[in-house]
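Visitor: Next up is a structure, given as structure tokens.
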């Protein structure tokens, strides 16, 4: 029995610690689950709890505020949010047991008085069992809601909220002529040509497959195919992916290169570049994978991809914490970084060459407005095509633009 309680304690403790890390700005939800878990074998259960907590965070916090005279300090609030999310939305443990576990954690981590406070709050929650609606003005974080209300209709906000509250489909991209076997139960989904993507309700079969280990498939959202699909590879001999890790778009570039063409996959993160190297190894690719800041890369290229850091508001279904980390100051910072990377990328494009700009954001400041600002300051470039995808039932949100450096620019 102690082992069951130990697992339950670890799940709530890890979830509360994730709240602390994310709220402090030290990590995102995906980084916490990938690199910071004390108990990685519980990743699935901890991740499930955190996803629902961030999707329903506004309602959890509103409910908590209604039950207390004064909001408790952050460490206690984080513990309560994790316990409340488990009690209201998780099936693996009885709500009463979750409450008991949280109370014991509070007594041990803080003191008996805090334990008694946590007990009073959670017992009231058990008695009242609040019902949560799916209304956008009760679900979406206040700051992002204020921004989106200026741009989207109520129907669009309802749809974005529905997507925010839903589990992302499990999708993968097939490389070359690979055809998913019957046991994958895979259904084709729309993506950007010439790539092929599939959805399945049997992710375990895909994750355990030899096809994944051999690099014949890559777990990826269909929206990720947009940027590379825009380029013309007929005359590309040298390509550069400037922000490559973990390598998904680099793999797509490699698939489209002509025989004898080269690719450099660069990124500033040594840790994430290990994932790029592993993905290249699975595919049997020997292209250089380097750790470098964009401005330090030398040489000229026929094609440069700048898949820049962004607010990630297009992938909120897979990273629900991003809507809680969104604010105007952070947006201004990332827009400035994007502008610098885009400039650095442009310096590496040969006359007549192509520059791909890509984000997984749906914010105009990072996309259309960023592009307009760049073109105003770089008359040697012209935009051939740009596309904005909003999140929908089948794919995430994404933005991509194809820029061409005029042949007479040097």
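Visitor: Kindly indicate which of 231, 244 is surrounded by 19 or more Cβ atoms within 10 Å (Cβ to Cβ), more than 21 Å from the chain's Cα centre (by Cα) and under 26 Å from residue 289 (Cα atoms). Step through it out loud before you land on a result.
Guide: Details: 244 fails: more than 21 Å from the chain's Cα centre (by Cα).
The unique qualifying residue is 231.
Visitor: Return the residues of the range 69-82 that are surrounded by 15 or more Cβ atoms within 10 Å (Cβ to Cβ) and farther than 17 Å from residue 47 by Cβ; say none if nothing qualifies. Lay out the reasoning, then the answer.
Guide: If we filter the range 69-82 for residues that are surrounded by 15 or more Cβ atoms within 10 Å (Cβ to Cβ), which is where we start, we get 72, 75-82.
Passing the criteria: 72, 75, 76, 77, 79, 80.
Visitor: Given the conditions (1) over 19 Å from the mean Cα position of the chain (by Cα); (2) surrounded by 17 or more Cβ atoms within 10 Å (Cβ to Cβ); (3) part of a helix (DSSP H, G or I), and given that residue 164 satisfies all but one, which numbered condition is not satisfied?
Guide: Only one criterion in (1) over 19 Å from the mean Cα position of the chain (by Cα); (2) surrounded by 17 or more Cβ atoms within 10 Å (Cβ to Cβ); (3) part of a helix (DSSP H, G or I) is unmet by residue 164, namely (1).
Visitor: While we're on this one: Give me a count of the residues in the range 356-376 that are surrounded by fewer than 16 Cβ atoms within 10 Å (Cβ to Cβ) and either part of a strand (DSSP E or B) or under 24 Å from the mean Cα position of the chain (by Cα) (or both).
Guide: As a first pass, look at the range 356-376 and keep what is surrounded by fewer than 16 Cβ atoms within 10 Å (Cβ to Cβ): 364, 368-369, 372-373, 375-376.
Of the ones still in play, those that are also either part of a strand (DSSP E or B) or under 24 Å from the mean Cα position of the chain (by Cα) (or both) are 364, 368-369.
The qualifying residues number 3.
One line per residue, one yes/no per condition, for (1) in contact (Cβ under 8 Å) with a residue 12 or more places away in the chain; (2) assigned to a strand (DSSP E or B); (3) touching a helix residue (DSSP H, G or I) at 6+ places or on another chain (Cβ under 9 Å):
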{"residue": "225", "(1), (2), (3)": "yes, no, yes"}
{"residue": "232", "(1), (2), (3)": "yes, no, no"}
{"residue": "235", "(1), (2), (3)": "yes, no, no"}
{"residue": "244", "(1), (2), (3)": "yes, no, yes"}
{"residue": "250", "(1), (2), (3)": "yes, no, yes"}
{"residue": "253", "(1), (2), (3)": "yes, no, yes"}
{"residue": "274", "(1), (2), (3)": "no, no, no"}
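Visitor: Separate question: Of all residues in the range 206-215, which are surrounded by 14 or more Cβ atoms within 10 Å (Cβ to Cβ) and either within 23 Å of the chain's Cα centre (by Cα) or part of a strand (DSSP E or B) (or both)? Before the answer, list the steps.
Guide: Filtering the range 206-215 down to residues surrounded by 14 or more Cβ atoms within 10 Å (Cβ to Cβ) leaves 206, 209, 211-212, 215.
Of everything in the range 206-215, those that are surrounded by 14 or more Cβ atoms within 10 Å (Cβ to Cβ) and either within 23 Å of the chain's Cα centre (by Cα) or part of a strand (DSSP E or B) (or both) turn out to be 206, 212, 215.
Visitor: Something else about it: In this structure, does residue 299 turn out to be touching a residue at least 60 places away in the same chain (Cβ under 8 Å) and either assigned to a helix (DSSP H, G or I) or not assigned by TED's automatic domain parsing to the domain that holds residue 273 (or both)? Steps first, answer last, please.
Guide: Values: touching a residue at least 60 places away in the same chain (Cβ under 8 Å): yes; either assigned to a helix (DSSP H, G or I) or not assigned by TED's automatic domain parsing to the domain that holds residue 273 (or both): no.
Against the criterion (touching a residue at least 60 places away in the same chain (Cβ under 8 Å) and either assigned to a helix (DSSP H, G or I) or not assigned by TED's automatic domain parsing to the domain that holds residue 273 (or both)), residue 299 does not qualify.
Visitor: Just name the residue that is modelled with the highest pLDDT out of those in the range 1-16 that are part of a helix (DSSP H, G or I) and surrounded by fewer than 15 Cβ atoms within 10 Å (Cβ to Cβ). Give the steps one after another, and end with the answer.
Guide: Step one: list which residues in the range 1-16 are part of a helix (DSSP H, G or I), which gives 2-16.
Then drop every residue that is not surrounded by fewer than 15 Cβ atoms within 10 Å (Cβ to Cβ), which leaves 2-6.
Details: 2: 40, 3: 43, 4: 43, 5: 56, 6: 86.
Step by step, filter the range 1-16, then rank; the result is 6.
Visitor: Further question: Please work out if residue 289 is more than 24 Å from the chain's Cα centre (by Cα), at pLDDT 95 or above and crowded, with 18+ Cβ neighbours inside 10 Å.
Guide: Working: more than 24 Å from the chain's Cα centre (by Cα): no; at pLDDT 95 or above: yes; crowded, with 18+ Cβ neighbours inside 10 Å: yes.
Criteria not met by residue 289.
Visitor: Another question, then. Can you give me the number of residues within the range 93-127 that are within 23 Å of residue 58 (Cβ to Cβ) and touching a residue at least 60 places away in the same chain (Cβ under 8 Å)?
Guide: Counting residues in the range 93-127 that are within 23 Å of residue 58 (Cβ to Cβ) and touching a residue at least 60 places away in the same chain (Cβ under 8 Å) gives 3.
Visitor: If you don't mind, there's one more thing I want to ask. Return a yes/no flag: does the range 340-355 have any residue that is closer than 17 Å to residue 227 by Cβ, outside the structural domain of residue 26 (by TED's automatic domain parsing) and part of a loop (DSSP other than H, G, I, E, B). Working first, answer last.
Guide: Here is the first cut: in the range 340-355, the residues closer than 17 Å to residue 227 by Cβ are 341-342, 345-346, 348-349, 353-355.
Now narrow it down to the ones that are outside the structural domain of residue 26 (by TED's automatic domain parsing): 341-342, 345-346, 348-349, 353-355.
With the extra rule that they be part of a loop (DSSP other than H, G, I, E, B), the set shrinks to 348.
Yes; the residues of the range 340-355 include at least one that is closer than 17 Å to residue 227 by Cβ, outside the structural domain of residue 26 (by TED's automatic domain parsing) and part of a loop (DSSP other than H, G, I, E, B).
Visitor: What do you reckon, is residue 355 more than 17 Å from residue 24 (Cα to Cα) and in contact with a helix residue (DSSP H, G or I) (Cβ under 9 Å, 6 or more places away or on another chain)? Write out each step before concluding.
Guide: Working: more than 17 Å from residue 24 (Cα to Cα): yes; in contact with a helix residue (DSSP H, G or I) (Cβ under 9 Å, 6 or more places away or on another chain): yes.
Yes; evaluated as a whole, the condition is true for this residue.
Visitor: Being surrounded by fewer than 15 Cβ atoms within 10 Å (Cβ to Cβ) and in a loop (DSSP other than H, G, I, E, B), is that true of even one residue in the range 382-391? Explain how you work it out, then say what you get.
Guide: Residues of the range 382-391 surrounded by fewer than 15 Cβ atoms within 10 Å (Cβ to Cβ): 382, 384-385.
From the residues that got through so far, the ones that are in a loop (DSSP other than H, G, I, E, B) too are none.
No; the residues of the range 382-391 include none that is surrounded by fewer than 15 Cβ atoms within 10 Å (Cβ to Cβ) and in a loop (DSSP other than H, G, I, E, B).
Residues checked against (1) surrounded by 12 or more Cβ atoms within 10 Å (Cβ to Cβ); (2) touching a helix residue (DSSP H, G or I) at 6+ places or on another chain (Cβ under 7 Å); (3) under 24 Å from residue 72 (Cβ atoms):
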position	(1), (2), (3)
114	yes, yes, yes
117	yes, no, yes
121	yes, yes, yes
155	no, no, no
158	yes, yes, no
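Visitor: Okay, next question. Under the condition of being over 21 Å from residue 228 (Cβ atoms) and in contact with a strand residue (DSSP E or B) (Cβ under 6 Å, 6 or more places away or on another chain), which residue from the range 181-191 is surrounded by the most Cβ atoms within 10 Å (Cβ to Cβ)? Spell out how you get there, then give the answer.
Guide: Kept after step one, since they are over 21 Å from residue 228 (Cβ atoms), are these residues of the range 181-191: 181-187.
Then drop every residue that is not in contact with a strand residue (DSSP E or B) (Cβ under 6 Å, 6 or more places away or on another chain), which leaves 184-187.
Working: 184: 20, 185: 14, 186: 23, 187: 13.
Once the filter is applied, the top-ranked residue is 186.
Visitor: Working only within the range 302-339, note down all residues that are free of Cβ contacts under 8 Å to residues at least 60 places away in the same chain, part of a helix (DSSP H, G or I) and within 16 Å of residue 368 (Cα to Cα).
Guide: 331, 332, 334, 335, 336, 337, 338, 339, listed by residue number.
The values are calculated or read from the model by the stated rules, or taken from the named source; none is laboratory data. Please read these numbers as outputs of a predicted model, since none were measured by experiment. We place every Cβ from the backbone using ideal geometry, glycine too, and count neighbours over all the protein chains shown.
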